[in-house]
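This report concerns only the one structure given below.
The values are calculated or read from the model by the stated rules, or taken from the named source; none is laboratory data. Just so it is clear, the structure is predicted and the values come from calculations on it, not from any experiment. Cβ sites come from the backbone with ideal geometry, for glycine too, and all protein chains shown count toward neighbours.
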Amino acid sequence: MDALKKMYEKLNFENIQTYIQSGNVIFSANNKDMKELEKIISSKIEKEFGFDVPVIVISVKTLETIIGNNPFTKDNQKNIAFLHITFLAEIPTGFDKESIIKKKDPDEEIAFTSNAVYLYCPNGYGKTKLNNNFLENKLKVRATTRNWKTTNELLKLATK
C-alpha cells in the first residue's frame, strides 16, 4: 500500500490515504472527470506495477448517496456484517435482471440502482453465487464489491 500511495503522489493527487490492504485509495484531485481519472490511474498502475487492474473512481457525494440508498440497512433484522455493495463503473443497460435474481439463495437478497448492487448474504459473501465476477458478466460492466464496514470506513476517511 505504501508503493500505491507513492504512485498517487507521483500523479500529483493530494490528501492521499489508503485503507488497510484493500487497494482502496482516498485522494483529492483537481481533475473532476471520474472516467479520465480511472484511465490515468489504471495506466499508471500498469506502468509501475506491471498489471492491468480495473479502477473505479467515485466522488464522496456519490459514495454518500450509495450508502444512503442501501435498502437493507432499514431492516433491523438484518445483520450488517452480511451487507455488501457492488460498485458499478458504468450504468448497465439491457441486462436480464431475472437471470441474476434466479442465482441467489433463498435467504439472500439483492437490490439494484444505476451505480450499485446491494447484497445481503447471510451465509457469507464467500458462498454466494452473486459474486463480483458473476455480476460483471451479467451486467457487462466493470465492478468492485466491498463489505458494509469497509464502505463506511472509506466514507469516514474521505470526510475527515
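From the list Lys10, Lys74, Lys103, Lys44, the lone residue that is of a type outside the set (A, V, I, L, M, F, W, C) and free of Cβ contacts under 8 Å to residues at least 24 places away in the same chain is Lys74. No other residue among Lys61, Lys102 is exposed (fewer than 12 other Cβ atoms within 10 Å of the Cβ) and over 21 Å from Phe13 (Cβ atoms) apart from Lys102.
Gly68 passes all but one of (1) surrounded by 13 or more Cβ atoms within 10 Å (Cβ to Cβ); (2) without any contact (Cβ under 8 Å) to a residue 40 or more places away in the chain; which number fails? So Gly68 meets the others, but not (1). Is it fair to say Ile110 is within 21 Å of Thr150 (Cα to Cα) and out of contact with any Ser or Thr (no Cβ under 8 Å at 6 or more places or on another chain)? When the stated conditions are applied, Ile110 passes them. Of everything in the range 1-58 that is small (Gly, Ala, Ser) and closer than 25 Å to Asn115 by Cα, the residue that is modelled with the lowest pLDDT is Ser22. Restricting the search to the range 21-50, which residues are part of a helix (DSSP H, G or I) and closer than 21 Å to Leu155 by Cβ? Within the range 21-50, Met34, Leu37, Glu38, Ile41 meet the criteria.
The number of residues in the range 81-96 being loosely packed, with under 14 Cβ neighbours inside 10 Å and either in contact with a helix residue (DSSP H, G or I) (Cβ under 8 Å, 6 or more places away or on another chain) or under 18 Å from Asn70 (Cα atoms) (or both) comes to 3.
All of (1) within 25 Å of Asn131 (Cβ to Cβ); (2) loosely packed, with under 12 Cβ neighbours inside 10 Å hold for Glu46 with one exception: (2). Within the range 76-98, not a single residue is among the β-branched types (Val, Ile, Thr) and over 24 Å from Leu130 (Cβ atoms). Among the criteria (1) loosely packed, with under 12 Cβ neighbours inside 10 Å; (2) touching an Asp or Glu at 6+ places or on another chain (Cβ under 7 Å); (3) among the hydroxyl-bearing types (Ser, Thr, Tyr), the one Tyr19 does not fulfil is (1).
Can you pull out the residues in the range 59-77 that are closer than 24 Å to Tyr120 by Cβ and at pLDDT 95 or above? Within the range 59-77, Thr62, Leu63, Glu64, Thr65, Ile66, Ile67, Gly68, Asn69, Asn70, Pro71, Phe72, Thr73 qualify. Of all residues in the range 10-20, one or more are polar (S, T, N, Q) and either in the same structural domain as Ile91 (by TED's automatic domain parsing) or on the phi < 0 side of the Ramachandran plot (or both). Would you call Ile58 β-branched (Val, Ile, Thr) and without any contact (Cβ under 8 Å) to a residue 60 or more places away in the chain? Against the criterion (β-branched (Val, Ile, Thr) and without any contact (Cβ under 8 Å) to a residue 60 or more places away in the chain), Ile58 qualifies. Has the range 86-98 got at least one residue that is touching a Phe, Trp or Tyr at 6+ places or on another chain (Cβ under 9 Å), of a type in the set (Val, Ile, Thr) and closer than 21 Å to Lys156 by Cβ? Yes, the conditions are met somewhere in the range 86-98.
Of the residues in the range 41-58, how many are within 28 Å of Lys127 (Cβ to Cβ) and polar (S, T, N, Q)? Summing the residues that are within 28 Å of Lys127 (Cβ to Cβ) and polar (S, T, N, Q) in the range 41-58 gives 0.
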